[in-house]
Structures are given as structure tokens and as C-alpha cells.
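*Asks:* One structure, pasted below without further comment.
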Amino acid sequence: LWTGASHLSTSLPKMQWQLWLGSAYGDDIFVYELGSFRLLKRLVVGPHIHGLSATHDGSVVHVGLEHFDDPRGELLWVDPRTFEIRGRVEVGPQPQEHECTPDGRWIYIPCGDGHWWVVDGEQQRVVTKIATGGRPHNTVVSPDGQRMYLSPMGYPHAVTIVDVQAGHKVIGEIPFGDVTRPPAISDDEQFFFENIDNMLGFQVASIPDRKVVETIRHQISSERSEEWSRSHGLGVRPDQAEIWSCNVEHHTVHVHELTSGNYTEVATITVPGRAYWLSFSPDSKYCFVSV
């Protein structure tokens, strides 16, 4: 998770850029400085961190806590300058990958009770819940903050689209070929990308047409082709030139170009372990892969 800059910025802002790394089986977050990659802070927030989001101006970071042995999860507001917890609210069980609007007014949190819990970031309270079917898992916000895209695991193999400003109203869905996993979105909100179960690669959907238009499979070497793996971790580079996708058990990240529309694979990067999530610096200089 990056805080402190526009994702379209091409030069460093005056405020500090930070990379936040949560410990899923611990109670702490490690905050690193861009460039030097110096550890700025080890921040203890609570058990089983799952999900980080930040406002566009980098003034607030939202942290989800799963609390494995508790029937309720939590959402925290953290000040990235002082590292103080500024608020907390109970949400549904075992929250997963949440997202906020750029101004932080609305946070959508996928929980284990089958609902996305919608939180008012100003009043720090839950205002509604949205059921999609399946197990709520991943969330993507449109670049302008007007829509949320909800990707549940299991049935219905579809992404639900919600109009944030129209009272959090469901306005459509995009069906995919299997269980949806980590998603990504193009900056012009024309295309939606999904890792799905039972394929190494991702599917490309036209958002206006609400349908899959491409299925892109990663190039797998012959010696690895018989080994089971899955794709889990997807991101569009902020400059819109490439899309990167994790191949978990093969310990690789596959890079596909976006500019031609052919999604040609241009690189395969080997990492020293199971590749599971990735994120980019806002200037597209760095990609960070959780291993």
C-alpha cells in the first residue's frame, strides 16, 4: 500500500512516500521509506491484519483486523505521520481486502458473513451492508471514486458493481469464467481484470459491455507445466503500460503489456517463494511482491 501521492504523479511529492506491509498472522505493520527502503516504523495495531487502503492525499490509512477467534472484525483509522490510531469500528467477521474512495468518505469491507460492510469514514460508523453471494473477498474502487467493484469467492463467479453516490445501489455485474480472485481496473474504467480459479493468467472484461472479452494465459515452461499452481495477485502499472500477475506455486510474476491490446507476455520474474500479492509505487518505478 502506498500513501502520500497521486497514482499518476511522475515526480516525488514533498511529503514522504511510504510502503505499508501488514502481518497477516501477527499484530504489526512495517512501514518503509521509498528509495532508501529504510524501516520507519513497526506499528502494533492488533491481531491478523488483512486489508489496507489509503486516502488519495495520504492523510489516513485504513487497516482491517480479522481477529480469528472473535465473531467480529475491526476497521482502524491510522495517521501515517504520527502513526496514531485515530478511530476504530467493529465490522463483520474476518474482513478481507477492503477499499476506500479517494477522499476516504466511504470504505467497503468484505466480511465472512456474506456481506460487504459499508462504513462512513467521516462519522466512523457502519451505514449499510451489501450481499453479493459467495464469500466477499476483494474490492476495487473506480479511479474517480464513483463506483465500487466487489469480487466474492465461490458462486456467483461475478463481480458486482455498486454506485457509491446513489446510496450504495447495485447497478450491475460482470460474469467471469470461474471463482473470482484478486482484481484490477484500467485507469479509464473501460476494462476490468480478474485472476480466476483453475487457470494461470487472468480474464479481461469490458466494463461498458459487462462481459469478458479476453482470456490471457501465462507462458509456463515445460518443466513446470505439470506442477499445480494458481494465480493470486494482480495489478495494472499506474502508467497503464503493463499488467502484472502472480503465479503462486511456480514462484513467478508474469508481466503483460497493455498498450497494444494484445496482452503479450513480455517478462517472467522469478521470486524466492510463493508470490501472493503485489502493488506498485505511484510513479511505476517499483513493484512490490509479497512472498
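The values are calculated or read from the model by the stated rules, or taken from the named source; none is laboratory data. Keep in mind that what you see is a predicted model, and the values were worked out from it rather than measured. Neighbour counts are summed over all protein chains in view; Cβ atoms, including those assigned to glycine, are modelled from backbone coordinates with ideal geometry. SASA here: full protein model, heavy atoms, side chains in, ligands and nucleic acids out. Shrake-Rupley method; radii C 1.70, N 1.55, O 1.52, S 1.80 Å.
*Asks:* Any residue at all in the stretch 57-74 that is open to solvent by 10 Å² or more (accessible area, probe 1.4 Å), of a type outside the set (A, V, I, L, M), modelled with pLDDT of 95 or more and more than 28 Å from GLY154 (Cβ to Cβ)?
*Replies:* The answer is no, given that none of the residues of the stretch 57-74 is open to solvent by 10 Å² or more (accessible area, probe 1.4 Å), of a type outside the set (A, V, I, L, M), modelled with pLDDT of 95 or more and more than 28 Å from GLY154 (Cβ to Cβ).
*Asks:* Among the residues of the stretch 250-264, are any open to solvent by 50 Å² or more (accessible area, probe 1.4 Å), closer than 26 Å to GLN96 by Cβ and at pLDDT 95 or above?
*Replies:* For the stretch 250-264, residues open to solvent by 50 Å² or more (accessible area, probe 1.4 Å), closer than 26 Å to GLN96 by Cβ and at pLDDT 95 or above: present.
*Asks:* Condition first: open to solvent by less than 20 Å² (accessible area, probe 1.4 Å), in a strand (DSSP E or B) and among the hydroxyl-bearing types (Ser, Thr, Tyr). Now tell me which residues in the stretch 196-246 satisfy that.
*Replies:* Matches in the stretch 196-246: SER206, SER231, SER245.
*Asks:* Can you name every residue in the stretch 132-168 that is surrounded by fewer than 14 Cβ atoms within 10 Å (Cβ to Cβ) and among the hydrophobic types (A, V, I, L, M, F, W, C)?
*Replies:* Residue satisfying the conditions is ALA166 alone.
*Asks:* Given the residues TRP17, TRP2, which is the only one that is modelled with pLDDT under 95 and open to solvent by less than 10 Å² (accessible area, probe 1.4 Å)?
*Replies:* Going through TRP17, TRP2 in turn, the sole match is TRP17.
*Asks:* Working only within the stretch 250-263, note down all residues that are out of contact with any Phe, Trp or Tyr (no Cβ under 8 Å at 6 or more places or on another chain) and farther than 23 Å from TRP228 by Cα.
*Replies:* The answer is LEU258, THR259, SER260, GLY261, ASN262, TYR263.
*Asks:* Taking the criterion of being open to solvent by less than 40 Å² (accessible area, probe 1.4 Å), in contact with a Ser or Thr (Cβ under 9 Å, 6 or more places away or on another chain), farther than 23 Å from THR160 by Cα and of a type outside the set (Ser, Thr, Tyr), would at least one residue in the stretch 98-121 satisfy it?
*Replies:* The answer is no, given that none of the residues of the stretch 98-121 is open to solvent by less than 40 Å² (accessible area, probe 1.4 Å), in contact with a Ser or Thr (Cβ under 9 Å, 6 or more places away or on another chain), farther than 23 Å from THR160 by Cα and of a type outside the set (Ser, Thr, Tyr).
*Asks:* Same structure again: Residue under question is ASP163, and the condition is that it be more than 19 Å from the chain's Cα centre (by Cα), of a type in the set (Asp, Glu) and over 22 Å from VAL60 (Cα atoms); does it hold?
*Replies:* For ASP163, the condition - more than 19 Å from the chain's Cα centre (by Cα), of a type in the set (Asp, Glu) and over 22 Å from VAL60 (Cα atoms) - is not met.
*Asks:* Of everything in the stretch 274-286, what is closer than 24 Å to SER36 by Cβ and either open to solvent by 30 Å² or more (accessible area, probe 1.4 Å) or in contact with a His (Cβ under 7 Å, 6 or more places away or on another chain) (or both)? Give them in sequence order. First the steps, then the outcome.
*Replies:* Going through the stretch 274-286, the residues closer than 24 Å to SER36 by Cβ turn out to be 277-286.
Residues satisfying the conditions are TRP277, SER279, PRO282, ASP283, LYS285, TYR286.
*Asks:* Got a sec? Which of GLY121, GLY114, GLY104 is among the small types (Gly, Ala, Ser) and either farther than 24 Å from TRP277 by Cα or over 20 Å from the mean Cα position of the chain (by Cα) (or both)? Working first, answer last.
*Replies:* Numbers: GLY114 fails: either farther than 24 Å from TRP277 by Cα or over 20 Å from the mean Cα position of the chain (by Cα) (or both); GLY104 fails: either farther than 24 Å from TRP277 by Cα or over 20 Å from the mean Cα position of the chain (by Cα) (or both).
It is GLY121.
*Asks:* Please give the number of the condition ILE171 fails out of (1) over 26 Å from ARG42 (Cα atoms); (2) more than 19 Å from the chain's Cα centre (by Cα); (3) surrounded by 15 or more Cβ atoms within 10 Å (Cβ to Cβ).
*Replies:* Of the numbered conditions (1) over 26 Å from ARG42 (Cα atoms); (2) more than 19 Å from the chain's Cα centre (by Cα); (3) surrounded by 15 or more Cβ atoms within 10 Å (Cβ to Cβ), the odd one out for ILE171 is (3).
Listed here are the residues, each with its yes/no results for (1) at pLDDT 95 or above; (2) within 22 Å of the chain's Cα centre (by Cα); (3) assigned to a strand (DSSP E or B); (4) on the phi > 0 side of the Ramachandran plot.
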position	(1), (2), (3), (4)
SER6	no, yes, no, no
TYR25	no, yes, no, no
TYR32	yes, yes, yes, no
SER36	no, no, no, no
